[in-house]
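The values are calculated or read from the model by the stated rules, or taken from the named source; none is laboratory data. Note that the structure is a prediction, hence the values are computed from the model and not measured. Please note: Cβ atoms are built from the backbone with ideal geometry, for glycine as well, and neighbour counts cover all protein chains shown. Accessible surface is based on the protein model in full, side chains and every heavy atom, while ligands, DNA and RNA are left aside. Shrake-Rupley method; radii C 1.70, N 1.55, O 1.52, S 1.80 Å.
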Amino acid sequence: MAPPVRSDEQGHATVTIVTGKAEARRRLQPGRSGTLRKIWEHRADYAYVLPAIAVMLMVIAYPIYYTIELSFFKTPPGLQLRDKTFIGFDNYTAILTSQVFWKVTWNTLIWTLGSTFISFVLGFATALALHRDFIGRGVLRAILIIPWVISAVAASYIWKWIYHSDFGIIGAVLVGLGLADRPPNFIDNVSTVLPSLIVVNIWREFPFAMIMMMAGLQTVPDQLLRAAKVDGASAWQRFWHVTFPHLRNVSVVTMLLLAVANFNSFIIPWIMTGGGPSNASHIWITHIYELAFGRQRWGVASAYSVLLFLILMTLGYFYVRALSGNERNEGSA
Amino acid sequence: MTRIKLGSAVLRGTVVGVLMASLMSTSALGAPPVDLSKWSPEYVRSIAGTQDFDTAGDCAKVTPLDYKGRLTFWYQGVFEGDPDLLRQYYKDFFETFRKTYPNIQLEEQALTYNDLLDKFRTALLGNAAPMAVRLQILGGTEFASKGYLQPLKPEDVGYSTEDFWPGAMKAVTWEGVTYGIPTNNETMAFIWNADIFNRAGLDPDKAPATWDDVVKYSKQIHDKLGIAGYGLVARKNAGNTPYRFMPQLWAYGGGVFDEATANPTYKQVELDSPQSKAALQASYDMYVRDKSVPVSALTNQQADNQPLFVAGQLGMMISHPSDYNVMLDLQKKATGTDKDKAQTVIDNMRYGLIPTGPDGKRAVVFGGSNIHILKPEYVEGGKVDEPAAKAIICMWTSPEWSLKMAYAGSNPGNLNGFKTKWMKERLDNIKFLDVTTSMLPYGIPFPALPQAPEIMNIIVPDMLQNALTGAMTVDQAADDAAQKVKDLMGGL
């Protein structure tokens, strides 16, 4: 058989000589040969990441699979887990028709959106303020990072005492200044408990948004800002038309990271209120914990977890897309 | 100090006989080492220090002292609300065990009351449980019914079933088989600050006789002094809540089931009965109507009431005799004028019997802990070193150590502990111990059901929170809780 003759981009004829066997294999699997060849060419790379993939399969993929499987079983609290019975989608139906689910979902939405949005705005504003040069900027930046670096558990206990309905610091100050007759009820009231916890969460995570946005601000080209200033743009116009467009991607990434963290945020609500009073501060993750470990409804808790997983995966998808957007922008720059 | 005629009070109790029968009703009842029918502070004093025990010698008959082995052991240990004295006894116990059994490699882990169940359940799911575990009294039947525990009775570690409180043995028995041994059992008492009573126009030497009186006293204290009257606790997933609400529920004639009767069947749910609702109404009246209890009751536990009490900001509460020692510890840590204020509170601290319901019924939770051995298939490594496990169980449940480990806050699970010299010493050192030992005959064990932890730690506190936050009316909260118990018992 004559070897195939092709021409390159400059029109020079090139001849590719292949063996009969290889050609036959290529013709039999025209789509896969490229992929397989690439894998073979990068076999050393795959070998390097194989241990990591194996570990991930064990500690991530298997638990996910097992959680999904368990979500289709009834696990009566009085029996061992191995005595579970298959019930199809009944756990999902039970969840979606329960009043508690909708209450907890509403709490989760308020918690996640409130914490994410306000943390971001506060972090962004602080980053803008700290972007200017002034005496003590470094010290102030270090102080503002403290809430983010201290343990969430310790912070929760401290805030629990700050909020304490009988002898909390806030209450004592307000009563001492004559601004209130008795200490305000922050966390023992169904109406105020969730906003109070959101304040603690914002206090803890706004430094993260601040750091991210400060990093983003470093990438805004100074010459563009100077040019805009020379052209007579006001401070707001410079921010809106020059600074903000440059921060779009880092803003999206920051908000997505905050949203994922807040959906999964367990420590603050669990330690400060345990989801109470009267389920008023239960969010998905604390409710799942109580269902699983407190009430041993492993099947229902797994179904909840699968739903939460789907939501987080969706957020993860947008996060990856935002990151890809960043890379594309950097590539084109 | 108030002198309460505790002995006569015990004799006067109209329902004592029934409750004693409940505590004593077990087929295994033979001849206990102490005469429970004579139980009174005077009787307890008369038997204290009358017998010596050789702990190492007794345990050597179970597991030779030179036995070589390895033991993993989890236990419900001291927590933030316990006095320093108790911490020292726990430390001493493990040091003594290691000296007595130098060839047993002991890997112990202490967990607090509220964390132990969750962690233990998780470990069991992964077959990573310890070889032996000391659980709260609520936990025994749950794990026995699921088949995690090995049969274990006092005779297996050299004691007799009759050496232990019959009511406590019920908590470790499932379908006629014994799966554990009680380490300690206790009942709480009613504590008040005589100075606050005096300033509020109440008789400083007289505890409220009934729960209705508690509601009235609490309001009077709050209205006159602007401080909290009664230390209500309604936190979810906290052992303190059922220990404080159930005595109230039972006193009003209510219950989760019929657990307050002599021979409970646990068939009929009683949480929605008029009597149960009356008990819930009393809490509602204090928290919502009168606002006479700490606002923080919904997120607090007893450890949070203790600083309030020692600061003179709380008039009454239910607790262990150990709270006296806790107050002493807190006073030591106070500074400046706070130290003097704390001392005033301690000087005015009074203990009495828990109030009765409207019909004269007095009740208290018969609490405590049990010790168990796991089946090998649920243990990390798949092996249980039984001789090593029995060695530590023999020591902990011995008259000596079951007394010492309960020195400040409880009572020995092994009734022979009451005869030891340490009991005599304890009666002299631990103030108000008479009162809490006097409450023992009124003790009602939690329902011996696998579902009991969920009922007591989640459903009952939920009921309280639903009523006290206004999320539901008292009737709705009680009905909702009753329905949850029915669903739970129905396998939902």
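Among the residues of the range A:53-63, how many are of a type in the set (A, V, I, L, M) and open to solvent by less than 70 Å² (accessible area, probe 1.4 Å)? Show your work before the answer.
Kept after step one, since they are of a type in the set (A, V, I, L, M), are these residues of the range A:53-63: A:53-61.
Checking which are open to solvent by less than 70 Å² (accessible area, probe 1.4 Å) leaves us with A:54, A:61.
Within the range A:53-63, residues that are of a type in the set (A, V, I, L, M) and open to solvent by less than 70 Å² (accessible area, probe 1.4 Å) number 2.
Output the residues belonging to the range B:126-138 that are within 14 Å of chain A (Cβ to nearest Cβ) and touching a helix residue (DSSP H, G or I) at 6+ places or on another chain (Cβ under 6 Å).
Of everything in the range B:126-138, those that are within 14 Å of chain A (Cβ to nearest Cβ) and touching a helix residue (DSSP H, G or I) at 6+ places or on another chain (Cβ under 6 Å) turn out to be B:Asn127, B:Ala129, B:Leu138.
Looking only at the range A:67-123, which residues are more than 24 Å from the chain's Cα centre (by Cα), among the polar types (S, T, N, Q) and closer than 25 Å to A:Ala280 by Cβ?
Residues satisfying the conditions are A:Asn91, A:Thr97, A:Ser98, A:Gln99.
Going by the conditions given, is B:Ala260 in contact with a Leu (Cβ under 6 Å, 6 or more places away or on another chain) and either under 26 Å from B:Gly357 (Cα atoms) or touching a residue at least 40 places away in the same chain (Cβ under 8 Å) (or both)? Don't jump to the end; show me each part of the working.
Values: in contact with a Leu (Cβ under 6 Å, 6 or more places away or on another chain): no; either under 26 Å from B:Gly357 (Cα atoms) or touching a residue at least 40 places away in the same chain (Cβ under 8 Å) (or both): yes.
Considered against the rule, which asks whether it is in contact with a Leu (Cβ under 6 Å, 6 or more places away or on another chain) and either under 26 Å from B:Gly357 (Cα atoms) or touching a residue at least 40 places away in the same chain (Cβ under 8 Å) (or both), B:Ala260 comes out as no.
Checking the structure you have, find out if any residue of the range B:417-428 is open to solvent by 10 Å² or more (accessible area, probe 1.4 Å), hydroxyl-bearing (Ser, Thr, Tyr) and either in contact (Cβ under 8 Å) with a residue 12 or more places away in the chain or out of contact with any Phe, Trp or Tyr (no Cβ under 6 Å at 6 or more places or on another chain) (or both). Don't jump to the end; show me each part of the working.
Step one: of the range B:417-428, the residues open to solvent by 10 Å² or more (accessible area, probe 1.4 Å) are B:419, B:421-422, B:424-425, B:427-428.
If we keep only those that are hydroxyl-bearing (Ser, Thr, Tyr) too, we end up with none.
Checked the range B:417-428: no residue is open to solvent by 10 Å² or more (accessible area, probe 1.4 Å), hydroxyl-bearing (Ser, Thr, Tyr) and either in contact (Cβ under 8 Å) with a residue 12 or more places away in the chain or out of contact with any Phe, Trp or Tyr (no Cβ under 6 Å at 6 or more places or on another chain) (or both).
Can you tell me which of B:Pro445, B:Pro461 is more than 10 Å from chain A (Cβ to nearest Cβ) and surrounded by 22 or more Cβ atoms within 10 Å (Cβ to Cβ)? Reasoning before the result, please.
On the way: B:Pro461 fails: more than 10 Å from chain A (Cβ to nearest Cβ).
Just one listed residue meets the conditions, B:Pro445.
So which pairs qualify, if the first residue must be in the range B:38-59 and free of Cβ contacts under 8 Å to residues at least 40 places away in the same chain, the second must be open to solvent by 40 Å² or more (accessible area, probe 1.4 Å) and among the small types (Gly, Ala, Ser), the Cβ gap must be under 9 Å, and the two must be at least 6 apart or on different chains?
Close Cβ pairs satisfying both conditions: B:Lys38/B:Ser46.
Give me the pairs: first residue in the range A:27-42 and in a helix (DSSP H, G or I), second residue modelled with pLDDT of 80 or more and surrounded by 11 or more Cβ atoms within 10 Å (Cβ to Cβ), beta-carbon distance under 7 Å, and six or more apart or on different chains, which are they?
Sorted first by the residue in the range A:27-42, then by its partner, the pairs are A:Ile39/A:Tyr46.
Report, by residue number, each residue of the range B:147-191 that is basic (Lys, Arg) and at pLDDT below 95. Full working, then the answer.
So the first thing to find is which residues in the range B:147-191 are basic (Lys, Arg), and the list is B:153, B:170.
Hit for the range B:147-191 is B:Lys170, nothing else.
Across the range B:102-130, which residue is least open to solvent (accessible area, probe 1.4 Å) among those that are in a loop (DSSP other than H, G, I, E, B) and on the phi < 0 side of the Ramachandran plot?
Step by step, filter the range B:102-130, then rank; the result is B:Pro130.
Being within 12 Å of chain A (Cβ to nearest Cβ), out of contact with any strand residue (DSSP E or B) (no Cβ under 7 Å at 6 or more places or on another chain), open to solvent by 30 Å² or more (accessible area, probe 1.4 Å) and touching a residue at least 12 places away in the same chain (Cβ under 8 Å) narrows it down to one residue among B:Gly490, B:Gly470; which is it? Lay out the reasoning, then the answer.
Values: B:Gly490 fails: touching a residue at least 12 places away in the same chain (Cβ under 8 Å).
So the residue among B:Gly490, B:Gly470 that is within 12 Å of chain A (Cβ to nearest Cβ), out of contact with any strand residue (DSSP E or B) (no Cβ under 7 Å at 6 or more places or on another chain), open to solvent by 30 Å² or more (accessible area, probe 1.4 Å) and touching a residue at least 12 places away in the same chain (Cβ under 8 Å) is B:Gly470.
Counting only residues that are at pLDDT 90 or above and not in a helix (DSSP H, G or I), which one in the range A:247-273 is nearest to the other protein chains (Cβ to nearest Cβ)?
A:Thr273
Could you tell me whether any residue of the range B:71-78 is in contact with a Lys or Arg (Cβ under 7 Å, 6 or more places away or on another chain), part of a loop (DSSP other than H, G, I, E, B) and within 30 Å of B:Ala303 (Cα to Cα)?
Of all residues in the range B:71-78, those in contact with a Lys or Arg (Cβ under 7 Å, 6 or more places away or on another chain) come to B:75-76, B:78.
Within this subset, residues satisfying the condition of being part of a loop (DSSP other than H, G, I, E, B) are B:78.
Those left that are additionally within 30 Å of B:Ala303 (Cα to Cα): B:78.
Yes, there is a match, as at least one residue in the range B:71-78 is in contact with a Lys or Arg (Cβ under 7 Å, 6 or more places away or on another chain), part of a loop (DSSP other than H, G, I, E, B) and within 30 Å of B:Ala303 (Cα to Cα).
When the range B:189-206 is examined, which residues are found to be under 20 Å from B:Met439 (Cα atoms) and open to solvent by 10 Å² or more (accessible area, probe 1.4 Å)?
Step one: of the range B:189-206, the residues under 20 Å from B:Met439 (Cα atoms) are B:189-193, B:205-206.
Scanning the range B:189-206 gives B:Asp205, B:Lys206.
Would you point out the residue of the range B:304-329, among those that are within 14 Å of chain A (Cβ to nearest Cβ) and within 19 Å of B:Ala209 (Cα to Cα), that is surrounded by the fewest Cβ atoms within 10 Å (Cβ to Cβ)? Give the steps one after another, and end with the answer.
Of the range B:304-329, the ones within 14 Å of chain A (Cβ to nearest Cβ) are B:304-315, B:317.
Retained after the next criterion (residues that are within 19 Å of B:Ala209 (Cα to Cα)): B:314-315, B:317.
Numbers: B:Leu314: 27, B:Gly315: 31, B:Met317: 25.
Among those that are within 14 Å of chain A (Cβ to nearest Cβ) and within 19 Å of B:Ala209 (Cα to Cα), it is B:Met317.
Tell me the helices (runs of 4 or more DSSP H) entirely within the range B:215-331 that contain at least 1 residues that are among the acidic types (Asp, Glu). Walk me through it before giving the result.
Details: elements: B:240-251, B:274-284, B:302-310.
Of the helices (runs of 4 or more DSSP H) lying wholly inside the range B:215-331, those with at least 1 residues that are among the acidic types (Asp, Glu) span B:302-310.
So which residues in the range A:130-173 are more than 14 Å from chain B (Cβ to nearest Cβ), surrounded by 11 or more Cβ atoms within 10 Å (Cβ to Cβ) and among the aromatic types (Phe, Trp, Tyr), if there are any at all?
Within the range A:130-173, A:Trp148 is the sole residue that qualifies.
With the requirement that a residue be in a loop (DSSP other than H, G, I, E, B) and more than 17 Å from B:Cys59 (Cα to Cα), what does the range B:360-404 give you? Walk me through it before giving the result.
Pass one, the range B:360-404, residues in a loop (DSSP other than H, G, I, E, B): B:360-361, B:363, B:366, B:375, B:380-385, B:397-398.
Within the range B:360-404, B:Gly360, B:Lys361, B:Ala363, B:Phe366, B:Lys375, B:Glu380, B:Gly381, B:Gly382, B:Lys383, B:Val384 qualify.
Scan the range B:275-297 residue by residue and report those that are more than 14 Å from chain A (Cβ to nearest Cβ), under 22 Å from B:Ala482 (Cα atoms) and open to solvent by 10 Å² or more (accessible area, probe 1.4 Å).
Within the range B:275-297, B:Gln275, B:Lys277, B:Ala278, B:Gln281, B:Asp285 qualify.
Please count how many residues of the range A:161-190 are farther than 20 Å from A:Ser119 by Cβ and either part of a helix (DSSP H, G or I) or modelled with pLDDT of 95 or more (or both).
9
Of all residues being open to solvent by 40 Å² or more (accessible area, probe 1.4 Å) and assigned to a helix (DSSP H, G or I) in the range A:191-201, which is nearest to A:Thr105 (Cα to Cα)? Just the residue, please.
Let us first name the residues in the range A:191-201 that are open to solvent by 40 Å² or more (accessible area, probe 1.4 Å), namely A:191-192, A:195, A:199.
Going one step further and asking which of them are assigned to a helix (DSSP H, G or I), we end up with A:195, A:199.
Numbers: A:Pro195: 15, A:Val199: 19 Å.
Looking at residues that are open to solvent by 40 Å² or more (accessible area, probe 1.4 Å) and assigned to a helix (DSSP H, G or I), I get A:Pro195.
Out of the residues in the range A:207-224 that are of a type in the set (A, V, I, L, M, F, W, C) and surrounded by fewer than 16 Cβ atoms within 10 Å (Cβ to Cβ), state the one that is farthest from A:Gly168 (Cα to Cα).
Of the residues in the range A:207-224, the ones of a type in the set (A, V, I, L, M, F, W, C) are A:208-215, A:217, A:220, A:224.
Remaining after also requiring surrounded by fewer than 16 Cβ atoms within 10 Å (Cβ to Cβ): A:215, A:224.
Details: A:Ala215: 37, A:Leu224: 50 Å.
The selected residue is A:Leu224.
Looking at the range B:200-214 only, could you name the residues that are outside any loop (DSSP other than H, G, I, E, B) and out of contact with any helix residue (DSSP H, G or I) (no Cβ under 9 Å at 6 or more places or on another chain)? Can you show your working first?
Kept after step one, since they are outside any loop (DSSP other than H, G, I, E, B), are these residues of the range B:200-214: B:210-214.
B:Asp213 - this is the single residue of the range B:200-214 that is outside any loop (DSSP other than H, G, I, E, B) and out of contact with any helix residue (DSSP H, G or I) (no Cβ under 9 Å at 6 or more places or on another chain).
Return yes when A:Arg204 is charged (D, E, K, R) and either surrounded by 18 or more Cβ atoms within 10 Å (Cβ to Cβ) or under 19 Å from the mean Cα position of the chain (by Cα) (or both) and no when it is not.
yes
For the range A:64-101, give me each residue that is away from chain B (no Cβ under 11 Å), crowded, with 17+ Cβ neighbours inside 10 Å and assigned to a loop (DSSP other than H, G, I, E, B).
A:Ser71, A:Phe72, A:Lys84
In the range B:207-231, how many are within 14 Å of chain A (Cβ to nearest Cβ) and open to solvent by 10 Å² or more (accessible area, probe 1.4 Å)?
Adding up the residues that qualify gives 6.
Condition (residue is buried (at least 18 other Cβ atoms within 10 Å of the Cβ), within 14 Å of chain B (Cβ to nearest Cβ), in contact (Cβ under 8 Å) with a residue 60 or more places away in the chain and of a type in the set (Phe, Trp, Tyr)) applied to the range A:302-314: is it met by at least one residue?
For the range A:302-314, residues buried (at least 18 other Cβ atoms within 10 Å of the Cβ), within 14 Å of chain B (Cβ to nearest Cβ), in contact (Cβ under 8 Å) with a residue 60 or more places away in the chain and of a type in the set (Phe, Trp, Tyr): absent.
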